[in-house]
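The structure appears right after this line, and notes come after that.
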Amino acid sequence: MRTAAERIACLKVDGKVSWDDVLTKVEEAFDREAVTEQFFKDFEKVFNEIKSELVGQIRDEHTAHQFLHALLNRLMFIYFVQRKGWLAEGDQEFIKTLWETYKNGKFPKDSFYRDWLATLFFSAFNNKSGYENKGLPKEVVRAFKLATFLNGGLFKECDFDVARASRSPTACSTASLSAC
């Protein structure tokens, strides 16, 4: 087994990479390995590298920090929940399944975050009355409709999410967010 430090090193990205690369790296880094102090040190280093690229694009350090922090927290939570089999009728690779469906379909380029993840976060997980179809594939709509309303605040849409969503898709081509 690799150590936590070796796992977080998998998150290092250079230049423009795809969501496929990022999701693969996240899966490798968080694969049921015990979280250690070294993990947090390495995570902070990677976080700061990605944040620097994001700040370079949106020119607002505070918004970039808040957005990236929330995005990674949301993804880590989803990875935990999917490993438990609590999403999409037990799909333990739910995020990867979403990515593969997006990647293999005919969807607007660089829209994975905006149209898929943001919809999952703010319309499926943070909607008491349930998810409404927003033009996604039938199997994705079904999975989103099955999502439980989570009232803890993690999936509440915030000002930094709105600011990020208002940017053009090309402004999101950062190492970790190339599919905004």
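Here, each number is a calculation from the coordinates, and none is a lab measurement. Predicted model only: the values in this text are computed from it and were never measured. Glycine gets a Cβ as well: all are built from the backbone with ideal geometry, and neighbour counts include every protein chain shown.
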**Asked** If each of Gln57 and Lys103 carries a label point 7 Å out from its Cα toward its Cβ, how far apart are those two points in nm?
**Response** 1.8 nm
**Item:** Global form of the range 61-121, assessed from the alpha-carbon gyration tensor, a/c cut-off 1.5
**Value:** oblate
**Listed pairs Lys51/Lys138; Lys45/Lys106; Lys41/Lys156; Lys41/Lys106; Lys41/Lys109 exceeding 31 Å between Cα atoms** = Lys51/Lys138; Lys45/Lys106; Lys41/Lys106; Lys41/Lys109
**Fill in**
Taking a crude spin-label model, label points 7 Å out from Cα along the C-beta direction, the Glu157 to Ser111 distance in nm is 1.7 nm
